[in-house]
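Comments concern the structure below.
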Amino acid sequence: MNIFVGKLNYQATNEDLQRLFSEFGTVKSAKVLNDNYTGRSRGFGFVEIENDDEARAAIKELDGTSFMQHTIVVNEAKPKESSFGGDRRDSFSRDKRRF
């Protein structure tokens with residue numbers, strides 16, 4: 001299961017997330033996202049735990065707790081929505097007519 005972790009301390013690293021979530025099960029990956037331009041943490045990340053029951057336990061136990069002096073938000077990650085806002089075919093066909 002993929003888990004979203006928000007409101008992270010900007011000093012938190014991938015290894016910090018790995019250690020925190022490994023208490024609940026086998027962590028396949030732990031990633032703090034960084035800004036592409038500054039390289040600075042964006043204050044959130046994702047953790048993938050192999051076993052769904054262990055992942056749910058981690059979410060239940062860690063959501064709203066203090067981690068590195070920040071109260072974190074932990075929940076199941078939702079699929080990323082399209083950034084096009086609407087039917088992609090319509091926006092592309094509209095662009096073609098302008099040229």
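Bear in mind these aren't lab numbers, they're just calculated from the coordinates by the rules spelled out. Since this is a predicted model, take the numbers as computed values, not measurements. Note that we place each Cβ from the backbone using ideal geometry, even for glycine, and neighbour counts take in every protein chain shown.
Under a Cβ-only charge scheme (Lys and Arg +1, Asp and Glu -1), can you give me the dipole magnitude of segment 2-78 about the Cα centre, in debye to the nearest 20?
Charge dipole, segment 2-78, about its Cα centre: 360 debye, nearest 20.
Please list, short to long, the whole-number percent of alpha-carbon pairs of segment 2-78 in consecutive 5 angstrom bins beginning at zero.
3, 18, 31, 27, 14, 5, 2, 0
Suppose each label sits 7 Å from its Cα in the direction of the beta carbon; what would the Glu23-Asp53 distance come out to in nanometres?
Between Glu23 and Asp53, the label points sit 2.1 nm apart.
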